[in-house]
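Structure, as structure tokens:
What follows is calculated from the coordinates using simple rules that are stated; it is not laboratory data. Nothing here was measured: the structure is a model prediction, and the numbers come from that model. Quick reminder, even Gly has a Cβ in these numbers, built from the backbone with ideal geometry, and neighbours come from all protein chains shown.
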Amino acid sequence: MFGRRKKQRAQEPRNAFVDLDGFPVDSAAPSGFRVRVVETTSYGDLKPIADMARGGNVVVMDTTNFADGDDAKRKMATYLSEMARDMGGGFSVISDRLMVVSPGGWGIDRCRIARREK
């Protein structure tokens with residue numbers, strides 16, 4: 001029991017190369033998942049954007065050419081914020097021109113990176 005040495009196994013050397021090309025790899029992200037970048041021009045774009053977010057995509061909206069005015073843009077942001085909350089996702093207004101909606105289970109973390117000079 002004590003003092004006996006285990007027999008050495010006849011195995012591959014420890015640093016053997018293993019070729020993984022033949023093995024299938026499952027993606028961690030669900031199939032069809034995308035980060036969608038959308039240019040919104042009117043309040044009528046709300047339905048396709050909401051459908052993309054409900055479909056499990058992160059949607060980044062560029063409202064630079066939004067023609068319906070600031071009130072319609074605020075109404076759109078309010079709707080998307082409530083929809084994201086109901087889905088368990090996230091919504092954030094990045095600037096006066098960018099908004100982001102994420103699907104359920106995907107939060108949005110906003111942080112500021114400050115550069116420190118020595």
| Relative contact order of region 35-102, defined on C-alpha pairs under 8 angstrom at six or more residues apart (%) | 35 percent
| task | Taking 7 Å along the Cα-to-C-beta vector as the label spot, tell me the Asp71-Arg110 distance in nanometres, rounded to one decimal. | result | 2.5 nm
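Using 0.36 nm per residue of separation minus the Cα-Cα distance, give me the extension gain between Glu82 and Glu117 in nm, one decimal. Display every interim value, and only then the final one.
Details: separation 35, 0.36 × 35 = 12.60 nm, distance 4.06 nm.
In short, 8.5 nm is gained.
Treating the beta-carbon of each Lys and Arg as +1 and of each Asp and Glu as -1, no other charges, what is the dipole magnitude of region 35-102 about its Cα centre, to the nearest 20 debye?
On the way: 8 positive and 10 negative charges, 35 e Å.
Computed about the Cα centre, the dipole is about 180 debye.
Taking only the C-alpha atoms, wrap a convex hull around region 35-102 and report its volume per residue in Å³ as a whole number.
Taking only Cα atoms, region 35-102 has a hull volume of 66 Å³ per residue.
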